[in-house]
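The values are calculated or read from the model by the stated rules, or taken from the named source; none is laboratory data. For clarity, every value in this text was computed on a predicted model and none was experimentally measured. Quick reminder, even Gly has a Cβ in these numbers, built from the backbone with ideal geometry, and neighbours come from all protein chains shown.
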Amino acid sequence: MKNQVSQKNILNDDELWVELKAGNEKAFSILFKKYYNCLVQYANTLSPFSEKNQDCVQDVFTDVWIYRNSLSETVVVKAYLLSSVRKRIVRLQQRDKVFNRSKSVDDSVFLLDFSVEQQLISDELTANRAMKLNKVLNKLPARQKEALYLRYHNSLNIDEIAVILNVNYQSASNLLHRALVYIRKGWNGALLLLTMLLLK
Amino acid sequence: MKERNQYREVEDFLADESFCLWMRSQKNVDGWEEWTLEHPKRAKLVEEARLWLLAMKVPNDDLSQEEVGVALQNAWMEIEKRERESKMEIQLIQLWQTGWFRKIAAIFVIGLLSFYTYTKYFAAEQLYYDYSQIVKGLDEDGLLEQINNSNRPQIVTLSDGSSVLLQPKSKLSYPKIFTGNERKVFLSGEAFFEISKNPKKPFFVHANEIVTKVVGTSFRIKAYENQSDVEILVRTGKVKVNSEKGSSKSNQKEIVLLPNQALRFERKNQTFDKITDITIDKSLRNSVKSIEQLSFEFTDIPVAQIFKTIEQAYSVEIDFPKQEFEKCHLTTSLSDQPLPEKLKIICKSIGNNSSYTMNGNQITILSKGCN
């Protein structure tokens, strides 16, 4: 375990990726352990079947190993894996749709609703404000929420988000921008209302 | 990445992993707290960013180390399985690429195809029961075969005393001796049957698709392989007719024919056409042979005349002592008898230990004259 941790520190994602492509099983295992959790969580935001989602993430890794020779050398590993998971889930959902088992739209819908970190809040004013902001956030269209999720929970840059959502850079950037403008507007309105109520 | 001193917007903070870590798990690795307190304006921004993070919680159901370990194991197992499969695929492809395997596969496919077409063709042909097919299948029973290649009718005498007048271009297969509970013969072409009576051993004639069952009677069957119809014409007695297929299926009714009734079987449609008045049917009327027109009802007729009638009817030659028989007259009815029976009755009527021998179509009567 310690050995692996130290290796993780020594090798960054890019180096591990190169090792994996060369057939290093250890590199594969390290990347698997590093990203499995994060990928399953992302999959869970796209599809409600958590068992299937785990299989799906495992299949993504399996494919990575089997087709390692034909993979690109220069990828952002995390973004590549997230994008693979997303593509796979969308594909499975489309297949289900063909067999009439699912009525979901052609593109995967971001299912997640953000919640409030109650545990970190001690005062009521902050709690109220966080709740208001949370309501505004959850009113966002699914795609904008997904962009926010990828940006602030997975620390991806706009380039990477664009790849994952299968849009160009400008679209991804607009998606995030529009989300932020909307939130600020909505939240300021809510704050105004709140202050008015408090002043009364 | 921007220096944190240049952060002007909430988004800048939200995108900072270190900041998020500080906010969410209160791990102040990079001295965020101290940095925030440096500047009141900063504090306001940080407070706002904090609020954003607080409102943007996602379920944090982290998987345990064990769960991740199991998942990794599963992935390796799946990889092994797929690698084995792809290896087999490669082996199959390599096998396919070797010439001989392809040749064998091609031969196999061709064989399968030809078998299919053969059985299909054969199944279609099975509509027509071929004499040679039937007889071939029964070869082991020790069948005798009489083929009439001449242009005159031939007489065939069977072991039970029945006689069959075989028309030209016809053949008859029959056992040397009838054994078992039935008598069975196979006909291709045309023949007039006179069957000796034996209710315990019914007589069956298989002709093309038709089975004719009789006990003792005379009738004619016309069943040429190259003709579309099978005809059965009854002279005396009772005849039951069935198709080869119908005989195996009990639900199909037999058709019963009485004297001077006929049956035409259309081989293509497997349909029966019963003709109750043979004088109306032109083709039947024209085909009536001399034997069927000749009367065997004799009233005080000279024996020589009777022998002449038989000679005509059966296309045989009868050698008899003409002088001894000059004054012999007989009254007898021989209509319903096969040829041997007819001869036997005549000899018996003449008396005086008269007898006959038969060798092909040559019949010799041994007698010292009538009483």
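The table below gives the values:
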| read-out | value |
| --- | --- |
| Hey, A:ALA162 aliphatic (A, V, I, L, M), outside the structural domain of A:LYS78 (by TED's automatic domain parsing), out of contact with any Asp or Glu (no Cβ under 9 Å at 6 or more places or on another chain) and surrounded by 15 or more Cβ atoms within 10 Å (Cβ to Cβ) or not | yes |
| Residue match in region B:296-305 (condition: within 54 Å of the chain's Cα centre (by Cα), of a type outside the set (Phe, Trp, Tyr) and under 20 Å from B:ASP160 (Cβ atoms)) | no |
| Number of positions in region A:43-54 that are facing chain B (nearest Cβ under 10 Å) and surrounded by 16 or more Cβ atoms within 10 Å (Cβ to Cβ) | 3 |
| Helices (runs of 4 or more DSSP H) completely within region B:5-108 that count 3 or more residues being under 56 Å from the mean Cα position of the chain (by Cα) and β-branched (Val, Ile, Thr) | B:65-97 |
| Residue match in region B:59-79 (condition: modelled with pLDDT under 80 and touching a Ser or Thr at 6+ places or on another chain (Cβ under 8 Å)) | yes |
| Filtered residue count, region B:357-371, keeping only those that are of a type in the set (A, V, I, L, M, F, W, C) and assigned to a loop (DSSP other than H, G, I, E, B) | 1 |
| Sole residue being touching a residue at least 40 places away in the same chain (Cβ under 8 Å) and either buried (at least 17 other Cβ atoms within 10 Å of the Cβ) or in contact with an Asp or Glu (Cβ under 6 Å, 6 or more places away or on another chain) (or both), chosen from B:TRP52, B:TRP32 | B:TRP52 |
| Any hit, region A:56-74, residues being more than 25 Å from A:ASN157 (Cβ to Cβ), of a type in the set (Lys, Arg) and away from chain B (no Cβ under 12 Å) | no |
| Residue ID - farthest from the other protein chains (Cβ to nearest Cβ), chosen from residues in region A:122-139 that are surrounded by fewer than 21 Cβ atoms within 10 Å (Cβ to Cβ) and of a type in the set (A, V, I, L, M) | A:LEU125 |
| Among the residues listed as B:ASP277, B:ASP300, B:ASP319, the single one being surrounded by fewer than 12 Cβ atoms within 10 Å (Cβ to Cβ) and touching a Ser or Thr at 6+ places or on another chain (Cβ under 7 Å) | B:ASP300 |
| Some residue of region A:149-158 being within 18 Å of A:VAL85 (Cα to Cα), facing chain B (nearest Cβ under 9 Å) and assigned to a helix (DSSP H, G or I) | yes |
| Residue satisfying condition, being surrounded by 15 or more Cβ atoms within 10 Å (Cβ to Cβ) and touching a strand residue (DSSP E or B) at 6+ places or on another chain (Cβ under 8 Å), within set B:VAL46, B:VAL58 | B:VAL58 |
| Filtered residues of region A:62-94 (kept if assigned to a loop (DSSP other than H, G, I, E, B) and more than 12 Å from A:ILE164 (Cα to Cα)) | A:TYR67, A:LEU71, A:SER72, A:GLU73, A:THR74, A:VAL75 |
| Region A:14-41: number of residues that are more than 8 Å from chain B (Cβ to nearest Cβ) and either in contact with a Ser or Thr (Cβ under 8 Å, 6 or more places away or on another chain) or within 15 Å of A:VAL77 (Cα to Cα) (or both) | 16 |
| Failed item, numbered, when B:ARG102 is tested on (1) in contact with a Phe, Trp or Tyr (Cβ under 7 Å, 6 or more places away or on another chain); (2) facing chain A (nearest Cβ under 8 Å) | (2) |
